[in-house]
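For reference, the structure is listed below as structure tokens.
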Amino acid sequence: MSLTEHKDESIKEAARALYRKAGEALAQTMILAFEGGAEGESKKAVVNDPPRLETEFWKWVKGTRVFIVGGWLMSKPARNFTLPVLKKELKDKGFDFVTLLADEIPGIMDLLEKDAAGLIGAALLLPPSAMRILD
């Protein structure tokens with residue numbers, strides 16, 4: 001049984017609130033990847049040692065508009081709460097990103113079984129020059 005369906009109402013609502021907050025945080029991370037981060041500031045789950053890696057990360061992901069989201073954020077039943085909040089946050093802030101759910105992509109589960117890191121949050125980051133294939 002999932003905590004979102006727990007018999008104790010306070011536990012159920014706490015779990016749902018956690019998932020909603022995660023949806024908001026993911027939306028903010030996607031926006032930051034699109035806009036690019038302030039130099040020297042960490043706003044995502046990337047190892048930033050040496051510090052130059054931080055700058056390189058933002059250089060390559062700035063303008064990102066395509067995201068594959070997966071991991072616990074999009075697992076059932078979490079996605080029932082994270083996904084609506086994510087979509088609403090992006091729409092309310094005027095961002096029109098392409099968002100794909102990892103488990104809806106054919107063959108992705110086989111790929112994840114071979115990759116110990118798996119997919120979490122914003123996993124596919126395409127620079128603007130790569131967007132031509134989608135237009």
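Things worth noting here:
- Test: K93 is more than 20 Å from L18 (Cα to Cα), at pLDDT 80 or above and under 17 Å from the mean Cα position of the chain (by Cα): yes
- Matching residues, region 62-91, being of a type in the set (D, E, K, R) and more than 28 Å from E5 (Cβ to Cβ): K62, R65
- Criterion (modelled with pLDDT of 80 or more and within 30 Å of H6 (Cβ to Cβ)) met by exactly one of L26, L100: L26
- Hits in region 1-28 (condition: within 22 Å of the chain's Cα centre (by Cα) and among the hydroxyl-bearing types (S, T, Y)): S2, T4, Y19
The values are calculated or read from the model by the stated rules, or taken from the named source; none is laboratory data. Please read all numbers here as calculations on a predicted model, not as lab measurements. Virtual Cβ from ideal backbone geometry, glycine too; neighbours counted across all protein chains shown.
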